[in-house]
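Below: one structure, written as structure tokens.
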Amino acid sequence: MPNNITNVTDDFLSIVLNETPLLDVRAPVEFEKGKFINATNLPILDDEERRLVGIRYKEAGNYAAIKLAESLIQNEGKEKRVRLWQDYLKKNPEAKLYCFRGGQRSGIAQEWLKESNIDITRLKGGYKAFRNFLMQQSEDISTQTPTLILGGRTGSGKTILLNKLPNAIDLEAVANHRGSSFGSFVNAQPSQIDFENNLAYKLIQFHHKNFTHLVLEHESHNIGRTFIPKPVYDNFMQGQLVLLQTPIEVRALITYEEYVLGALKEYTLQYGEEGPQIWAHNVQSGLKRIQKRLGDQLYRQLAQLFDEACSQDTQAEAKTFYLEWITLLLQRYYDPMYDYQIKKSPIPVVFEGNTSDVLHFLQHQL
């Protein structure tokens, strides 16, 4: 058991506000399940070593588990681990250290670093205590903070407007998903736990800027495969609704620029020449997923328009078909669905208007 237990901190607030680098010495499998912003995983035990030590702990107790861990690591393994930590801390001297509960693994790592004349502070209670802090803060802040919820039909430019406001949180950016059947990016969404941790960071940082209102986009409970924790979501939805009205032709252009041009660029950067084909396949899969809700006739019409757009020789020629496809999809699928949701919504509408009017209204609330 490590002897040095004095150099610890539970000042989690400053870690969030400063986005302090974090050295995570848990096993990779633990790190993948849940991590924090600016955390780097340099484990003291790999996945297999952790599994074996866990078995020994259950069978023979703590002392036997520690002895097994020491024998698995041995001197060469210890030197390698310490060297990796040293290299990381040269680049991130202000970093804090943690394991799962802030006990043995981080304590041992702290002692090994001390032997090489490096002092590092570890988190009291480790990952578990810090995450509990984040989850409690999310609930508390969402309870205390009045929200202005920005609504509007798909393609209205809500995200563009949100990014002009200092008191807004872009939930779709936190979730790395645009929140529709065609809303996935090339890079995968964060895990559910990572999404919750990242959202908590955003809420805490927002809270300490002393704005009177938090502005959010009108989202469903789920954003892609991640979901906003129910107590936090319920608190968000206690706010007031601001509706952005945008003409259909402008909405089609906004959607084209983001979902077609932006996506094609993203996929090409990721996959090279195969990028456009991979993107087209993903869009076709998205259409297939909503075929029942579209109905067979509308589905066939949309699928044909998209195929025609993809078959054009130039992007300029394809644009006409893409815009027709987008306009049809907006008017026949997304608009009726959104209008129904707004009609049923218990959230009071306090303002509606075009982009400049809504922006002026929201800025005035600052």
*Sum up the charges of everything whose Cβ sits under 12 Å from the Cβ of residue 121, counting Lys and Arg as +1 and Asp and Glu as -1, but leave residue 121 out.*
0
*With an 8 Å cut-off on Cα pairs and a minimum separation of 6 or more residues, tell me the relative contact order of the chain in percent.*
17 percent
*asked:* Projecting each Cα onto the charge dipole of segment 242-366 (Lys/Arg +1, Asp/Glu -1 at the beta carbon, about the Cα centre), which of 348, 243, 299 comes out farthest on the positive side?
replied: 348
*Among 233, 37, 126, whose Cα lies farthest out toward the positive end of the dipole of the chain, if unit charges sit on the beta carbon of Lys, Arg (+1) and Asp, Glu (-1)?*
126
_Let me spell out the model: positive unit charges on the Cβ of Lys and Arg, negative unit charges on the Cβ of Asp and Glu, origin at the Cα centre of segment 98-200. What dipole size does that give, in debye rounded to 20?_
100 debye
*Residue (of 222, 61, 197) at the positive-pole extreme of the chain, dipole from beta-carbon charges*: 61
_Could you tell me how far the Cα centroid of segment 169-183 sits from the Cα centroid of segment 95-125, in Å?_
36 Å
*Between residue 97 and residues 5 or more places away or on another chain, which pairs have amide H atoms under 5 Å apart, with H built 1.01 Å from N, and which residues are they?*
23, 121, 122, 123
*For every other residue with a beta carbon closer than 14 angstrom to the beta carbon of residue 326, add +1 if it is Lys or Arg and -1 if Asp or Glu, then tell me the sum.*
-1
*Just check segment 242-304 against the gyration tensor rule for me: Cα atoms, a ≥ b ≥ c as the square roots of the eigenvalues, rounded for a/c under 1.5, and otherwise prolate or oblate depending on whether a/b exceeds b/c.*
oblate
*Cα-centre dipole for the chain with unit charges at Cβ (Lys and Arg positive, Asp and Glu negative), debye to 20*: 1000 debye
*Give me the percent of DSSP beta bridges within the chain that run antiparallel, rounded to the nearest 5.*
10 percent
*Just subtract the alpha-carbon distance of residue 314 and residue 13 from 0.36 nm times their residue separation and send over the number in nm, one decimal.*
103.1 nm
*When a/c is below 1.5 the answer is rounded, else prolate if a/b is larger than b/c, else oblate, so apply that to segment 37-136 with a ≥ b ≥ c taken from the square roots of the Cα gyration tensor eigenvalues.*
oblate
*Based on the mean of other Cβ atoms within 10 Å per residue, sort peptides 153-161, 89-97 so the most packed one is first.*
153-161, 89-97
*Compute the Cα gyration tensor for segment 212-260, then decide on rounded, prolate or oblate, letting a ≥ b ≥ c be the square roots of its eigenvalues: rounded whenever a/c is under 1.5, prolate when a/b is larger than b/c in the other cases, and oblate in all that remain.*
oblate
*Provide the percentage of antiparallel DSSP beta bridges, counting only those with both residues in segment 126-244; round to the nearest 5.*
25 percent
*Where nothing but the Cβ of Lys and Arg (+1) and of Asp and Glu (-1) is charged, how large is the charge dipole of segment 245-306 around its Cα centre, in debye to the nearest 20?*
420 debye
*At 0.36 nm per residue, minus the direct Cα-Cα distance, what do residue 139 and residue 291 gain on full extension? Give it in nm, one decimal, please.*
51.0 nm
*Over segment 21-128, average the accessible area per residue using a 1.4 Å probe and give it in Å², no decimals.*
54 Å²
*Distance from segment 260-282 to segment 38-81 (C-alpha centre basis), Å*: 43 Å
*Any idea what the relative contact order of segment 152-196 is, in percent, if you count C-alpha pairs under 8 Å spaced at least 6 apart?*
23 percent
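The values are calculated or read from the model by the stated rules, or taken from the named source; none is laboratory data. Since we're looking at a predicted model, the values are computed, not measured. A quick note on method: Cβ atoms are made from the backbone with ideal geometry, for glycine too, and the neighbour counts reach across all protein chains shown. Ligands, DNA and RNA are stripped out before the accessible areas are found, and what is left, the full protein with its side chains, is counted by its heavy atoms. Shrake-Rupley method; radii C 1.70, N 1.55, O 1.52, S 1.80 Å.
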